[in-house]
Amino acid sequence: ISLKGFKSFPDRTRLEFTPGVSVVVGPNGSGKSNITDAVLWAMGEQSPLAVRGQSMQDVIFGGGKGVQARSAAEVELVLDNADGAVDLPLGEISILRRLDRSGEGEYRLNGARCRLVDILEVLSDTGLGKESHSVVSQGRVEAIVTSKPRDRRLLIEEAAGLGKHRKRRRRAQLKLERTQDNLDRALDIEREA
């Protein structure tokens, strides 16, 4: 992960997570939770509250002692795809999100501009994603443990990777409904003619 101008990381900061268990350790206020927020944000999180802010501009470094505020926040995630888990002919997949103070933002997939839906589609094949519960933010563990059985079941299904299939099924159902509406209209026009 590479962060620049994101919350408590004014300058470019690169963190490398190798296979196995990675742990981020540090004193209170050192930015550990900001790393989790950065991962969620880069994966397409749209709620400022989910990244502990009031507005999305709150993710942009606001300045500090002797350090000027930054004009934009940028987070890049680079995923190892050597095993071909994602159906892209690339050994690494780069996902970048950028936001400036005016509210202009962009997503990039391997350097090319793309839409949020493209990022979510790629992430759904990795087992990652803002809704896959592969990243658990501060305070969410208690909410998970105390959740209702139905909510816990949905969370487990999402973590198991079933959510992407449910979303694809829903999109296919909506497409079928639109097609049926178009067919009904065409038959009405045919009858009138």
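Below is a table of values for the structure above.
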read-out	value
Residues within the stretch 1-18 that are touching a residue at least 40 places away in the same chain (Cβ under 8 Å) and either hydroxyl-bearing (Ser, Thr, Tyr) or in a loop (DSSP other than H, G, I, E, B) (or both), tallied	6
Of residues in the stretch 43-87 being hydroxyl-bearing (Ser, Thr, Tyr) and farther than 22 Å from Ser124 by Cα, the one modelled with the highest pLDDT	Ser71
From Asn34, Asn81, residue being in contact with a Gly (Cβ under 8 Å, 6 or more places away or on another chain) and open to solvent by less than 60 Å² (accessible area, probe 1.4 Å)	Asn81
Residues located in the stretch 38-90, provided they are part of a loop (DSSP other than H, G, I, E, B) and among the aromatic types (Phe, Trp, Tyr)	Phe61
Ala186 being aliphatic (A, V, I, L, M), more than 30 Å from Gly31 (Cβ to Cβ) and modelled with pLDDT under 70	no
Matching option when the condition is surrounded by 15 or more Cβ atoms within 10 Å (Cβ to Cβ), modelled with pLDDT under 95, over 30 Å from Lys7 (Cα atoms) and of a type outside the set (Lys, Arg), among Leu154, Leu90	Leu154
Among the residues listed as Gly127, Gly139, the single one being surrounded by fewer than 16 Cβ atoms within 10 Å (Cβ to Cβ), at pLDDT below 75 and within 13 Å of the chain's Cα centre (by Cα)	Gly127
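The values are calculated or read from the model by the stated rules, or taken from the named source; none is laboratory data. Values in this document were obtained by computation on a predicted structure and should not be read as measured data. Positions of Cβ are generated from backbone atoms using ideal geometry, with glycine treated the same way; all protein chains shown enter the neighbour counts. When the accessible area is computed, the model is the full protein with side chains, heavy atoms only, and any ligands, DNA or RNA have been set aside. Shrake-Rupley method; radii C 1.70, N 1.55, O 1.52, S 1.80 Å.
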